[in-house]
Amino acid sequence: MGVKAAVMRSRGKCFVIGYPISHSLSPVMFRAAFAALGLDWTYRAVPVPPGRAGEALAELARAGAVGVNVTMPLKQEVLTHAAVIAPRAQLVGAANTLTLVDGGWEADNTDWPGLGRALAELVDVTGLAGRVGLVFGAGGAAAAAAFCLKEDGLRVVVVNRDPARGGDLAGRVGGRYLPWGEPALPEVLAQAAVVINATPLGMGDLKGQSPLPAGAVLAPGCVVCDLVYHPVETEFLRRARALGARVITGLEVLLWQGVLALERWTGRKAPVEAMRRALAEAVEGGQRACVT
Ligand code: NAP
């Protein structure tokens, strides 16, 4: 079943799988999108523990799923259950968007172009070619970010604790690896046009932490993006703003990866504002719930 068939469906079932999954904001974002498009489609979060992606995907296919979003810790595992792996997912080594095509799962990565769209909303990316793009982290999200920056012509620098993972990702994007806490880091940071946090620093137990070293200085016009979106305003973004950077929140990247998945599944232009509003309301509601 391709996009054309999906467009003709009056009803479609979509899902997000991961573990844990109850925190996911994808259901509110996609349900708002279906409502705004007048589509009688459903979207449900399903908890799937690591090692169980294969049977879960087979079951969802039998249940008539059109598309499935994938989150931690299954983004690598789902590749082994895909009938087709799109080039971006192959390069990154992780998939976040699955589409049922002719009875098999096509795995794609919309974290990469989603970040690209979020960047392009803020800056003229053609002006970034040849500049330094620095990524903290070397996991799946960092790989999507690194390939996105490479695609836009930036010279990628990967900063990671584990030298093997950091060096491997830097090599895959033809970039440079810097160890975590490397003395040369402030100098490289001061030249970077784009700086991205793709580590969990700033969320959960690591709330209040930032990958920026003490005394860091950012280049004029630097764009800083935090992939962490809970909380939306992280310590990293707070410090980056104070240093004069333009910022992209993790919520905005979540939005654009969802926009691309929705357009792939429905063949329709995504109602971006309705999706953004639903995310913002969910986050505000969540924050109120935490306070009371
Ligand atoms: P992952 O594959 O587990 O990779 C995590 C990376 O963070 C690794 O490189 C790890 O370094 C590093 N790291 C972990 N704890 C650290 C610490 N205390 N100090 C320094 N580095 C640390 O995770 P992922 O899937 O790439 O996700 C990373 C983050 O991006 C998560 O917070 C996730 O929620 C977020 N994300 C957001 C979006 C979005 O749409 N906004 C999409 C995808 C992911 P080592 O290699 O040294 O262990």
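Among what's in region 63-97 and is touching a residue at least 24 places away in the same chain (Cβ under 8 Å) and part of a helix (DSSP H, G or I), pick the residue that is nearest to the ligand (Cβ to nearest atom).
V92
So that you can scan it fast, the table gives a plain yes or no per residue for (1) near the ligand (Cβ under 10 Å from one of its atoms); (2) more than 21 Å from the chain's Cα centre (by Cα):
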{"site": "W105", "(1), (2)": "no, no"}
{"site": "G133", "(1), (2)": "no, no"}
{"site": "G166", "(1), (2)": "yes, no"}
{"site": "P186", "(1), (2)": "no, yes"}
{"site": "V194", "(1), (2)": "no, no"}
{"site": "P200", "(1), (2)": "yes, no"}
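Any idea which of V92, V66 is in contact with a Lys or Arg (Cβ under 7 Å, 6 or more places away or on another chain) and β-branched (V, I, T)?
Answer to the check: V66.
Looking at L279, L218 in this structure, which one is at pLDDT 95 or above and either surrounded by fewer than 15 Cβ atoms within 10 Å (Cβ to Cβ) or not in a helix (DSSP H, G or I) (or both)?
Unique residue meeting the criteria: L218.
Which residues, counting only those in region 103-112, are assigned to a loop (DSSP other than H, G, I, E, B) and among the acidic types (D, E)?
The answer is none; no residue qualifies.
Sort through A219, A170 and tell me the only one that's away from the ligand (no atom under 14 Å from the Cβ), in contact with a Leu (Cβ under 9 Å, 6 or more places away or on another chain) and closer than 20 Å to L149 by Cβ.
Of A219, A170, the one residue that is away from the ligand (no atom under 14 Å from the Cβ), in contact with a Leu (Cβ under 9 Å, 6 or more places away or on another chain) and closer than 20 Å to L149 by Cβ is A219.
Show the residue pairs that are 6+ apart or on different chains and have beta-carbon atoms under 6 Å apart, the first residue being within region 128-143 and farther than 17 Å from V92 by Cα, the second being of a type in the set (K, R) and not in a loop (DSSP other than H, G, I, E, B).
Qualifying pairs under 6 Å: V132/R155.
A138 - would you say it is near the ligand (Cβ under 9 Å from one of its atoms) and farther than 24 Å from R276 by Cβ?
Spelling it out, A138 is indeed near the ligand (Cβ under 9 Å from one of its atoms) and farther than 24 Å from R276 by Cβ.
Which residue out of L279, L212 is touching a residue at least 60 places away in the same chain (Cβ under 8 Å), within 16 Å of the ligand (Cβ to nearest atom) and within 21 Å of L115 (Cβ to Cβ)?
The conditions single out L279.
Being among the acidic types (D, E) and away from the ligand (no atom under 11 Å from the Cβ) is the filter here; which residues of region 225-263 pass it?
E233, E235, E263, listed by residue number.
Could you tell me which of the residues L119, L100 is closer than 28 Å to E59 by Cα and either within 14 Å of the ligand (Cβ to nearest atom) or assigned to a strand (DSSP E or B) (or both)?
On inspection, the qualifying residue turns out to be L100.
The values are calculated or read from the model by the stated rules, or taken from the named source; none is laboratory data. In this text, all values refer to a predicted model and were calculated from it rather than measured experimentally. Backbone-built Cβ (ideal geometry, glycine too); neighbour counts: all protein chains shown.
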